[in-house]
């Protein structure tokens, strides 16, 4: 059955009202059409938590190597090398093992003092204004500076890196044709890859104590990462890490503004901040969906999906599944939300999740320490229209000092 046959129509845009209309539509889809094929794109969508988990837990059937099923020969596309999100086992396992040898919990934890210093510096720069844009003044520059330092990129290139990330996120201009948008995205992506490749080659000849150097030197069972794999992992970390932290911090601030009692609790008891972050990842995730392609015929729910079908996993819907989360439309920082899909699931669970959690926790503590009251002032909130991503383009707040 497809959407046209179901009579459910097209999903409302998240940007319409911050997801409220979309969530009502998704609830109906979970209840009445949990596995659905869109007639125009011919893409299947899984709306229920259990069906999404079925797909993420079975990479042999639900492949992430979408490029193999796209028109043209993309097998040698350098963009796929080292991009863990577009890779299946066994290569995925090897590359992830190699990366994990360098991108360790210890390496992330060692960044805590520097993250705290950067957050304090960014907040201090706007503290006398009485107002700020959470995105432009804090959540956008913070991950760029942190990940840039982790990779060993020059501090002087901060604005350049932020500009690339913003340009790649903002390809939702309605007055541009798809062809123009694709070319702009491709050109911007190539600029960033060329920059990272040049940095990688410098580190190959003169290694330093940074992640790029460690990735170049990492070895498992006599195998090392290729240059393309190092470059593309750095690209993935920079872009995905930037987008996730930037939009999630804004989503947290927005959600706390809507739920002042939860904000007061977390301010009074900082031990609630980790749970607050997890609940926001469930309640208002940044990454709303992810794509797979079927390698063989498979049954999902009551539907038969043939081989070669593109399948969208609706994380934003799974996170509100009534079968897995009690009263899912309620924001509750005391619930155990750790099974959320905000960082994905299975072999493609976000490798940078510990870094994102650390950045978010430190940034929230810094805001609570500096400001006694925080209030969102910009209305209506301007949301990104970029497919697969949900969060504010900007978020203006007013604050008072302690």
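Computed quantities for the displayed model
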{"read-out": "Unique match (being surrounded by fewer than 20 Cβ atoms within 10 Å (Cβ to Cβ), within 30 Å of residue 189 (Cβ to Cβ), modelled with pLDDT under 85 and within 19 Å of the chain's Cα centre (by Cα)) among 79, 66", "value": "79"}
{"read-out": "Residues of segment 249-264 classified as loosely packed, with under 15 Cβ neighbours inside 10 Å and either under 14 Å from residue 330 (Cα atoms) or in contact with a helix residue (DSSP H, G or I) (Cβ under 8 Å, 6 or more places away or on another chain) (or both), total", "value": "3"}
{"read-out": "Candidates 387, 380 - the one that is assigned to a loop (DSSP other than H, G, I, E, B), under 30 Å from residue 129 (Cβ atoms) and at pLDDT below 95", "value": "380"}
{"read-out": "Extreme residue, modelled with the highest pLDDT, among residues of segment 162-171 that are farther than 15 Å from residue 190 by Cβ and assigned to a helix (DSSP H, G or I)", "value": "162"}
{"read-out": "Count of segment 35-58 residues which are in contact with a strand residue (DSSP E or B) (Cβ under 9 Å, 6 or more places away or on another chain), closer than 23 Å to residue 349 by Cα and either modelled with pLDDT under 95 or not in a helix (DSSP H, G or I) (or both)", "value": "8"}
{"read-out": "Matching option when the condition is over 28 Å from residue 385 (Cα atoms), touching a residue at least 12 places away in the same chain (Cβ under 8 Å) and outside any loop (DSSP other than H, G, I, E, B), among 296, 292, 267, 282", "value": "267"}
{"read-out": "Criterion: modelled with pLDDT of 95 or more, part of a loop (DSSP other than H, G, I, E, B) and surrounded by 14 or more Cβ atoms within 10 Å (Cβ to Cβ) - qualifying residue of 313, 360, 351, 341", "value": "341"}
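The values are calculated or read from the model by the stated rules, or taken from the named source; none is laboratory data. Owing to the predicted nature of the structure, the values given are computational and were not obtained by experimental measurement. Note: ideal-geometry Cβ built from the backbone for every residue, glycine included; neighbour counts use all protein chains shown.
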